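Beneath this line is the structure, given in structure tokens, with notes to follow.
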Amino acid sequence: MSARYGFAGLVKLLSTSCLMASFVACTETPQTLGSKNDQPAYQGVQSGHEAFVRPGWTAGDKTSWESALRARGQYGANDHARSP
Amino acid sequence: MARMKFICDAERCIECNGCVTACKNEHEVPWGVNRRRVVTLNDGVPGEKSISVACMHCSDAPCMAVCPVNCFYKTDEGVVLHDKDVCIGCGYCSYACPFGAPQFPAQGTFGVRGKMDKCTFCAGGPEANGSDEEFEKYGRNRLAEGKLPICAEMCSTKALLAGDGDMVADIFRTRVVKRDKGAEVWGWGTAYGTSSKKTGASS
């Protein structure tokens, strides 16, 4: 008798485990509230995606990134500076 | 660096919609969503004025204040961004925004209304800079590429200026001084009235 209960218990345990494992797919992805940890822009792009990066500044160097953007803005938008 | 800002010079904008097209192309924005648009006042009347409008990346952003799931965040450069993984598409931000910046695609996560989409100042989102995941959700991250927003860089008359607030203000100030008019378009006096106007209103 005890062997039969043991087998039934094992079956019950296995089926419960399978059921729990199948529910894992139903869980939602974590939604974190509050401020996000976004990578600062001056850190540059992910490696392998550098094809469109403008040369002339160093990724990770905030000062060089800022001066590159300022120079680009001055040259691109300030036509009074180009032809006073 | 000061905060990143946009400004549109109404004396120069010719309503070509180049900024709108450039934005849609750069970020592959879905049909029905316009992160940027050109608004014309007194259209067809001599002296009409146009201005290009998108998210103005407010210093005290009302969208951030009303979002019930706190999906917005602000970068060190003052760019207001949001996390689409957290957005529930409720639309509160679109009611709060005075510029109509938040957009909702017709097809998306919530059936007839997708997750909110808006101008990112070409700064992407919380995913890794320049990654495929970031592009799919938010478009290109031009700031991380050392570039400025495509709308301003593509503007043929340089009416739309974008970048460091100090630099943008300097360029606009130079223009106003050279043309000897236009200062009245922007500023404290226009928004809140000059002291003489205030006196006139109170009397």
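The values are calculated or read from the model by the stated rules, or taken from the named source; none is laboratory data. Computed from a predicted model, the values in this text were never measured in an experiment. Quick reminder, even Gly has a Cβ in these numbers, built from the backbone with ideal geometry, and neighbours come from all protein chains shown. Side chains are part of the model used for accessible areas, which takes the heavy atoms of the whole protein and leaves out ligands, DNA and RNA. Shrake-Rupley method; radii C 1.70, N 1.55, O 1.52, S 1.80 Å.
On a 0 to 90° scale, report how tilted helix B:165-179 is relative to the longest principal axis of chain B, with both axes built from alpha carbons and the result rounded to the nearest 10.
Roughly 30 degrees, rounded to the nearest 10.
Using a Förster distance of 51 Å, how high is the FRET efficiency between B:R3 and A:F23, based on the Cβ-Cβ distance and rounded to 0.05?
Details: r = 47 Å, r/R0 = 0.92.
Step by step, r from the Cβ atoms, then E = 0.65.
Pick out which of B:Y73, B:Y138, B:Y192 has the largest mean-square fluctuation in a Gaussian network model of chain B, springs linking Cα atoms closer than 10 Å.
Checking each option, the largest mean-square fluctuation is seen for B:Y192.
Give, in nm to one decimal, the length gained when the segment between B:D132 and B:N70 is fully stretched (0.36 nm per residue of separation minus the Cα-Cα distance).
Details: separation 62, 0.36 × 62 = 22.32 nm, distance 2.44 nm.
Full extension from B:D132 to B:N70 adds 19.9 nm.
Could you state how much accessible area B:E28 has, in square angstrom rounded to the nearest 10, with a 1.4 Å probe and all protein chains kept in place?
B:E28 has an accessible surface of roughly 130 Å² with all protein chains in place.
Take chain B, connect every pair of alpha-carbon atoms lying under 10 Å apart with a spring to form a Gaussian network, then pick out the residue of B:P126, B:P46, B:P102 with the largest mean-square fluctuation.
Looking only at B:P126, B:P46, B:P102, the largest GNM fluctuation is found for B:P46.
Using just the Cα positions, wrap the range B:1-159 in a convex hull and report its mean projected area in square nanometres, one decimal place. It would help to have the intermediate numbers written out before the result.
Values: hull surface 38.7 nm².
Convex hull of Cα atoms, orientation-averaged projection: 9.7 nm².
Given just the C-alpha atoms of the range B:59-139, how large is their convex hull per residue in cubic angstrom? Each step should come with its number before you reach the end.
Numbers: hull volume 7.4 nm³, N = 81.
Convex hull volume per residue, Cα atoms: 91 Å³.
Computed over the Cα atoms of the range A:39-81, what is the ratio Rg over Rh, Rh following Kirkwood? Could the numbers behind the result be given before it?
Working: Rg = 11.8 Å, Rh = 11.3 Å.
Rg/Rh for the range A:39-81 comes to 1.04.
Taking the 0 to 90 degree range and rounding to the nearest ten, how far is the long axis of helix B:18-27 tilted relative to the main principal axis of chain B, both from C-alpha atoms?
20 degrees
For B:L160, which sequence-distant residues (separation of 5 or more, or a different chain) have an amide H within less than 5 Å of its own amide H, given hydrogens modelled in the peptide plane?
For B:L160, whose amide H was placed from the backbone, the distant partners under 5 Å are B:D9.
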